[in-house]
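Below is one structure, written out as structure tokens, with a few remarks after it.
The values are calculated or read from the model by the stated rules, or taken from the named source; none is laboratory data. Predicted, not measured: the structure shown is a model, and the values here were computed from it. Virtual Cβ from ideal backbone geometry, glycine too; neighbours counted across all protein chains shown. In case anyone asks, the SASA skips ligands and DNA or RNA and just uses the protein heavy atoms, side chains included. Shrake-Rupley method; radii C 1.70, N 1.55, O 1.52, S 1.80 Å.
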Amino acid sequence: LSGNARNCLLTRNPDSYKNFIGKGLRCLLDVPNTEVFRNTHRGLGRFCSQSSQRLGEKIPSLQITSAGQPPRHFSAGNIQIIRSFHTSPSRQAAPVPLFWIIVKPAQKLLAIILGRSIRNWWKALPPNKRELFKESARRNKWKILLGVSSLGVVFVMFYFTHLEETPITGRARLLVFGKEHFRELSQMEYDMWMEQFKNQMLPETDARYQVVERVVGHLSESNKDVPQVSALKWVIHVVDEPGVNAFVLPNGQVFVFTGLLDAVSDIHQLSFILGHEIAHAVLEHAVKKASLVHFLDFLSLIFLTVIWAICPRDSLAVVGQWIQSKLQEFMFDRPYSRTLEAEADKVGLQFAAKACVDVRASSVFWQQMELAETMQGQPKVPEWLSTHPSHENRAEHLDRLIPEALKIRESCNCPSLSGPDPRLIFRLNMQHLLELSKGREAPAATKQDPSKPKLDFPHS
């Protein structure tokens, strides 16, 4: 590690932090006299399916820029974006069906009107009629219970009759919308993104575009035995944006921001991230998420009607509605999103392994993201509040999956991985930095007597 890289974590000076970020997090992995990163840029090995040509011979180094200038790494201007990096846009890549957008607010409005009308009707009843109504309900309680149970059976039957098997993983999933309809709507989403970034698209002659194009091509070629991968035509779009992000639409349109290219340390990390995004499209996560949310929203209409019917005032009903929506969000929506992310990590790691990528670099990327957040001094958001797993948990999850991915890589006759494990290098470097930090914090904390002359010591 260079002296500047060490000092940035030792002095706790904000300017030193910026200098460290400006040089990029690659300094944490730049260990002299090791071959791990020479191997990183030497190539990814042979295709698992047919091709025996090395990826390193087809893909230029990530250090290249279009103008031949030094690459842009993390900067003080874009470091704030790292905190919200999810490898997917904050909203779903594919839009929900148009009829849902129109009907969903109308459904809630009708439920509110119905519940409020029931409440006003009950208030307007004379006391004697209220007692008669209660007595009638007690006499027919079994009929009422039978009707409610029948409604529950209908919902259960609807749920189980709309379950399908997830490609590759075989996990059961709920599908309410037609996949073809969803692909048509994803074309509308594609048109929207193209209109938004029409002046920021890199040309095909740009070296950064060629890197992404060849990595995606290598991943798709290596996994063409998967029908869902070979069925889609993967089209590359590289956007000149500092945001650290990438996403793939369900119709195979790949969008990568240049901020992501600046954030990754090597071609292996980029391959894993793009494999993760391709997995989202192959597993049709956008359709699954929209289906579950629509199903839960339809169920919540019953609770919404009850809330507005039993609450004595509109203000209390609004509070009850807010609580009901938050319970649905944190008990179902967000956990399900985190489940989809974990599934995409697993399948994306398999895609990368079949492409002879060094899958060990996948967890290192999320450790780097965790380090970037720590250096910013940003408070850690609890995972249950997020739609994505935390960086730390994500790295641990990938570490558990890496042994299986290495077996897949070996079964594809990939070249053996030489050099030390990048995860070990990262941990040793962090341990070394912490030890140096402890050694320097003690002298720095001692206040010097102003009456004594100040001595300047040379840097070691």
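Data for the structure
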| read-out | value |
| --- | --- |
| Lone qualifier among 101, 118, 144, 112 - being at pLDDT 90 or above and open to solvent by 60 Å² or more (accessible area, probe 1.4 Å) | 118 |
| Inter-residue pairs, beta-carbon under 9 Å, first over 17 Å from residue 399 (Cβ atoms) and in the stretch 420-441, second open to solvent by 50 Å² or more (accessible area, probe 1.4 Å) and basic (Lys, Arg), 6+ apart | 432/6; 433/6; 436/6; 437/6; 437/12; 441/12 |
| Test for residue 265: is it assigned to a loop (DSSP other than H, G, I, E, B) and not charged (D, E, K, R) | yes |
| Condition broken by residue 243, with the remaining ones in (1) under 18 Å from the mean Cα position of the chain (by Cα); (2) open to solvent by 30 Å² or more (accessible area, probe 1.4 Å) satisfied | (2) |
| The stretch 121-176, subset over 31 Å from the mean Cα position of the chain (by Cα) and among the basic types (Lys, Arg), residue farthest from residue 336 (Cα to Cα) | 129 |
| Lone qualifier among 332, 426, 365 - being open to solvent by 60 Å² or more (accessible area, probe 1.4 Å) and either at pLDDT 95 or above or on the phi < 0 side of the Ramachandran plot (or both) | 332 |
| Matching residues in the stretch 208-232 - criterion: being among the acidic types (Asp, Glu) and in a loop (DSSP other than H, G, I, E, B) | 225 |
| Unmet requirement for residue 327, which otherwise passes all of (1) in contact with a Leu (Cβ under 7 Å, 6 or more places away or on another chain); (2) closer than 30 Å to residue 172 by Cα; (3) not in a loop (DSSP other than H, G, I, E, B) | (1) |
| Matching residues, the stretch 262-277, being open to solvent by 10 Å² or more (accessible area, probe 1.4 Å) and aliphatic (A, V, I, L, M) | 267 |
| Only one of 204, 221 that is in contact (Cβ under 8 Å) with a residue 60 or more places away in the chain and among the charged types (D, E, K, R) | 221 |
| Which numbered condition residue 370 misses (of (1) over 30 Å from residue 413 (Cβ atoms); (2) open to solvent by less than 30 Å² (accessible area, probe 1.4 Å); (3) touching a residue at least 24 places away in the same chain (Cβ under 8 Å)) | (2) |
| Whichever residue in the stretch 285-315 is of a type in the set (Phe, Trp, Tyr) and more than 30 Å from residue 251 (Cβ to Cβ) and, among such residues, is modelled with the highest pLDDT | 308 |
| Of the criteria (1) assigned to a helix (DSSP H, G or I); (2) more than 21 Å from residue 202 (Cβ to Cβ), which one residue 312 fails | (1) |
| Residues of the stretch 162-207 satisfying the condition of being in a loop (DSSP other than H, G, I, E, B), hydroxyl-bearing (Ser, Thr, Tyr) and open to solvent by less than 80 Å² (accessible area, probe 1.4 Å) | 166, 169 |
